[in-house]
Each structure stands twice: as C-alpha cells, then as structure tokens.
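Report on one structure; see the data block that follows.
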Amino acid sequence: MGKKFKHYNHETDKQNPVFDTGMIFSDCKVFREAVCEYCLLSGKEVTFTRNEKYKLKAVCKAVSCPWQIYVAWKNPTDRSLVAKYYNPNHNCVRVFQNTQAPSKWLTEKFLPRIQSNPTMPPQSIVNAASSEFKVGISRMKAYRAKADALRMIEGSIAEQYAMLWDYCHELEDKNPGSTTKIQCEFVDGEAVFKRLYICLEPLKKGFKMNCRSFIGLDACHLNGVYGGQLLTAVGIDPNNETWVLAYAVVEMETRESWTWFIDLLAKDVDIYQDSKGQANYHNARDDQVLVDEKDPVDEGQDEQLASSNIKWDLSSIPCTHGIAAIHYKGGKAVEDYVHSYYSKDSYMALYNNLTVPINGSQLWEKTNQPAIKPPAYTRQPGRPRKVRIKGAEEGIDRSGKKGWEDKECK
Ligand SMILES: [Zn+2]
C-alpha cells in the first residue's frame with residue numbers, strides 16, 4: 001500500500017495554509033491561490049520561478065532564504081498536482097508592506113464590509129488592509145476591489161428581486177390571511193420594483209385582539225445598494241412594548257407613499273372613515289366601556305378625576321388622584337379599574353399568535369410570474385440621518401425627567 005497523501009482543501013485550508021511534501025492540490029489555480037494566501041498571512045513575499053500548469057515552483061523573494069515549494073502533475077489524466085519538494089524554513093524577516101495582494105483576494109476579504117456599507121471609501125480599504133492584514137495596496141487597487149465587490153453584491157440582489165413573487169407567495173402560504181402587495185412600474189415592458197407591503201396574519205390578528213388601540217408610524221433609510229426607505233406600523237402590547245404590525249419598502253418617504261401604506265394598513269386592521277370623516281375601528285372592542293366603569297366614584301371626586309381623565313383614558317390605568325378616589329369610595333380594588341389589556345391572560349393570548357417560519361428559497365413554490373427588476377431609485381443625496389427624530393413627548397423636561405418617564409398628572 002502506498003502512503004496516503006493529504007489533499008489541500010481550498011475552502012477549509014485557506015484560513016491557514018500549511019504545506020507538506022506529498023500534499024495534493026486539485027489544480028494549478030488552487031495551488032497559486034494557496035501560495036498567495038500563505039504569503040499574505042505569514043508576511044512573506046514569494047515569487048514563482050516556474051509557472052506552468054503542470055509544473056510550478058515558488059521560492060522566497062529574500063536573498064539566500066531557503067523556503068521553496070515545487071509541485072508537478074501527479075499524472076496528466078486528472079491534472080492534480082503533488083508537492084515533490086517542500087522546505088518550510090525561512091531565514092528572512094516579516095514583510096510589512098506586502099505588495100502581492102491580488103484584487104480578487106481583497107474583494108473576498110472586504111465583501112461583507114462593503115455589503116453593509118456600500119459607500120465605504122477606497123482609502124478605508126487601504127487603511128484596513130494595512131492594519132489588519134499587513135498588506136500595502138494602492139488606492140486604485142482598493143477602488144477596483146470595491147467595484148468588483150459591488151458588482152457581486154448587485155448581481156446577487158438582482159436575483160433576489162426576481163424571487164419576490166415567490167417570496168410573497170410563500171409568506172401567504174405559510175401564514176394564510178396575510179397581505180402582501182408588490183407595486184411595480186413598467187419600463188420598456190419590464191416590471192421594475194417600486195414598493196412592497198407586508199402585513200402578516202398573526203401580527204394583524206394579535207393587534208386586533210390584544211393590543212391597545214394605538215398605532216405608531218415611523219420610517220427609516222435603508223442602507224443597501226438601492227437605498228429606499230422602510231415604513232413601519234407598530235402597536236403596543238400589554239407590557240407596553242412594541243408589536244410590529246406591518247412594514248413596507250418604498251422609494252422615499254412622501255405623502256403619496258405614506259397614503260399608499262396607510263390605505264393598505266387601514267384595510268388590514270379594519271379602520272374605516274365614518275360619515276364625519278373620522279377614523280373608526282370596524283370591530284371596535286369598545287374601549288369606551290372603561291370610561292363608564294370608573295363611574296361609581298362619588299360625584300365629589302368627579303371634579304378631581306376630571307382633571308386627570310385624559311391620561312386615564314389614554315393609558316387605562318388610574319392616576320394617583322384616581323387611586324385616592326377609588327380608596328375613598330371603597331368596595332372595588334384599584335386593579336378592577338385597570339383595563340383587561342394589561343392582564344397576563346391578554347399578554348399570553350397575544351403571543352400565542354405565532355408567525356410561521358417559511359422554507360428556504362429552494363423549496364418555494366414557483367409562481368412563474370415575470371421576474372421583477374431591482375428598483376430604479378438610488379440612494380438619496382446627502383448623508384442619511386443617523387439619529388432618530390424624537391417625538392414631542394421625548395424631550396427632557398424641566399424636572400430633568402426624560403419624556404418616557406412617567407409625568408405627573410395635572
Ligand atoms: Zn523567506
């Protein structure tokens with residue numbers, strides 16, 4: 001039996017290539033990449049003195065350094081290479097400005113960072129390559145690596161836009177009753193993405209049954225290649241935390257895009273306009289019941305209560321004056337005046353509405369709709385806002401309390 005030689009696995013061994021005599025490389029390309037990776041990680045510069053597809057020899061660039069590796073075809077039929085000779089010893093010192101980094105290697109290393117920040121300046125790539133990998137590169141090389149990375153990212157994003165119909169179908173299939181809406185523009189007979197609205201059935205149902213009747217709306221910039229903005233609608237759960245209700249991707253935060261979003265949302269949560277033009281809940285849980293329930297308090301305290309009614313109405317929790325009045329009156333406990341929204345049962349019931357996860361994209365049913373092209377819109381000019389615009393209630397008041405801290409009722 002012959003000696004079993006170790007195979008060089010490019011995917012796993014490239015993190016830290018270790019060579020050995022007798023090691024097998026699947027082809028000359030893999031060997032070149034392995035040597036390149038070794039150079040950049042170990043801080044050495046090597047050069048190929050033989051560079052043919054059947055015979056390659058790499059030696060250390062430093063004068064009189066003995067490091068070298070020689071590989072040749074094991075047999076011409078399968079084209080794999082075997083390391084015939086390897087001397088792992090260097091007597092040279094580390095090179096701090098390794099100029100051998102190829103553009104492809106740079107692209108691979110910086111792809112995740114460019115994906116999360118497509119506007120990363122080439123100079124940042126130069127700096128990061130120098131500090132993290134001890135590799136000196138020119139700005140032009142960094143620029144080319146970035147351009148390659150963006151092409152790769154945009155290519156994969158275009159494929160994802162093409163899958164939107166199938167994605168929405170899968171969402172509705174796994175969560176029946178959900179609303180998904182894709183709006184496209186037609187350019188030269190091709191569908192180009194404009195807007196996407198998603199309201200999942202479990203979130204919608206939970207909101208209608210167990211959330212307080214408040215809807216918070218907000219928007220934020222999307223930092224991807226195509227930009228755009230994300231609009232969201234959230235409710236408040238019984239623990240006073242946010243409950244995501246619906247979300248949409250739109251070209252820009254405008255009156256038109258908000259109107260489109262709110263019209264769809266209103267249909268989903270059964271808000272309709274009455275004859276007076278006021279918005280109402282269709283299947284209202286009659287929040288007014290609460291106001292009637294606190295009626296038993298004496299006439300005398302009514303005046304006192306009236307002043308804090310607004311807050312009590314909004315939160316459905318009695319304020320300090322209310323509690324004093326309830327104790328004065330006696331009979332019922334304070335908890336009886338707190339709305340059942342806040343009960344544990346209501347909280348448990350809300351989170352019983354589980355969103356069913358969807359399958360991986362390879363298992364999605366094909367709807368065979370024409371593929372959607374990525375949007376025509378690009379990032380908005382100027383720097384996107386990083387700090388959220390604070391609500392009127394969120395400032396710091398004179399007593400030093402932040403807006404969300406409990407304010408005394410007046
Ligand atoms: Zn050396």
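The values are calculated or read from the model by the stated rules, or taken from the named source; none is laboratory data. On a predicted model such as this, the values are computed, not experimentally measured, just so you know. Don't worry about glycine lacking a Cβ; one is built from the backbone with ideal geometry, like all the others, and counts go over all protein chains shown.
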Quick one: Leu217 ticks every box in (1) in a strand (DSSP E or B); (2) in the same structural domain as Pro112 (by TED's automatic domain parsing) bar one, so which box is it? (2)
Check whether at least one residue in segment 238-257 is of a type in the set (S, T, N, Q), more than 30 Å from Ser343 (Cα to Cα) and not in a strand (DSSP E or B), and report yes or no. yes
Do we find a residue being surrounded by fewer than 17 Cβ atoms within 10 Å (Cβ to Cβ) and closer than 16 Å to Lys6 by Cα anywhere in segment 46-58? no
Report whether or not Asp218 is over 30 Å from Leu40 (Cα atoms), surrounded by fewer than 18 Cβ atoms within 10 Å (Cβ to Cβ) and within 21 Å of the chain's Cα centre (by Cα). yes
Of the residues Lys84, Lys104, Lys57, which is at pLDDT below 85, more than 15 Å from Asp27 (Cβ to Cβ) and outside any loop (DSSP other than H, G, I, E, B)? Lys104
Do you know which residues across segment 222-239 are modelled with pLDDT of 85 or more and either within 12 Å of Glu253 (Cβ to Cβ) or surrounded by fewer than 19 Cβ atoms within 10 Å (Cβ to Cβ) (or both)? Gly228, Gln229, Leu230, Leu231, Thr232, Ile236, Asn239
Out of Val95, Val18, Val35, Val30, which single residue is among the aliphatic types (A, V, I, L, M), surrounded by fewer than 16 Cβ atoms within 10 Å (Cβ to Cβ) and closer than 30 Å to Val126 by Cβ? Val18
Selection within segment 318-366 - more than 17 Å from Trp243 (Cα to Cα), surrounded by 12 or more Cβ atoms within 10 Å (Cβ to Cβ) and modelled with pLDDT of 90 or more: Ile358, Trp364
Any chance segment 39-48 includes a residue that's touching a Phe, Trp or Tyr at 6+ places or on another chain (Cβ under 9 Å) and more than 15 Å from the ligand (Cβ to nearest atom)? no
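Okay, residues lined up against (1) touching a Pro at 6+ places or on another chain (Cβ under 9 Å); (2) surrounded by fewer than 17 Cβ atoms within 10 Å (Cβ to Cβ); (3) not in a helix (DSSP H, G or I):
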{"site": "Ile157", "(1), (2), (3)": "yes, yes, no"}
{"site": "Trp165", "(1), (2), (3)": "yes, no, no"}
{"site": "Glu170", "(1), (2), (3)": "no, no, no"}
{"site": "Asp173", "(1), (2), (3)": "no, yes, no"}
{"site": "Ile182", "(1), (2), (3)": "no, no, yes"}
{"site": "Phe186", "(1), (2), (3)": "no, yes, yes"}
{"site": "Val192", "(1), (2), (3)": "yes, yes, yes"}
{"site": "Tyr197", "(1), (2), (3)": "no, no, yes"}
{"site": "Leu203", "(1), (2), (3)": "no, no, no"}
In segment 64-80, what residues are crowded, with 16+ Cβ neighbours inside 10 Å, modelled with pLDDT of 90 or more and either more than 10 Å from the ligand (Cβ to nearest atom) or not in a loop (DSSP other than H, G, I, E, B) (or both)? Gln68, Ile69, Tyr70, Val71
Arg113 vs (1) outside the structural domain of Arg144 (by TED's automatic domain parsing); (2) not in a loop (DSSP other than H, G, I, E, B): all pass except (1)
Can you list residue pairs whose Cβ atoms sit under 7 Å apart, with the first residue in segment 48-62 being farther than 15 Å from Lys84 by Cα and the second being within 14 Å of the ligand (Cβ to nearest atom) and of a type in the set (Asp, Glu)? Count only pairs 6 or more apart in sequence or on different chains. Lys61/Glu45
Condition met for Pro102 (within 29 Å of Ala129 (Cα to Cα), within 16 Å of the ligand (Cβ to nearest atom) and not hydroxyl-bearing (Ser, Thr, Tyr)): no
All but one of (1) touching a strand residue (DSSP E or B) at 6+ places or on another chain (Cβ under 7 Å); (2) over 17 Å from Pro88 (Cβ atoms); (3) within 14 Å of the ligand (Cβ to nearest atom) hold for Val35; state the number of the condition that does not hold. (2)
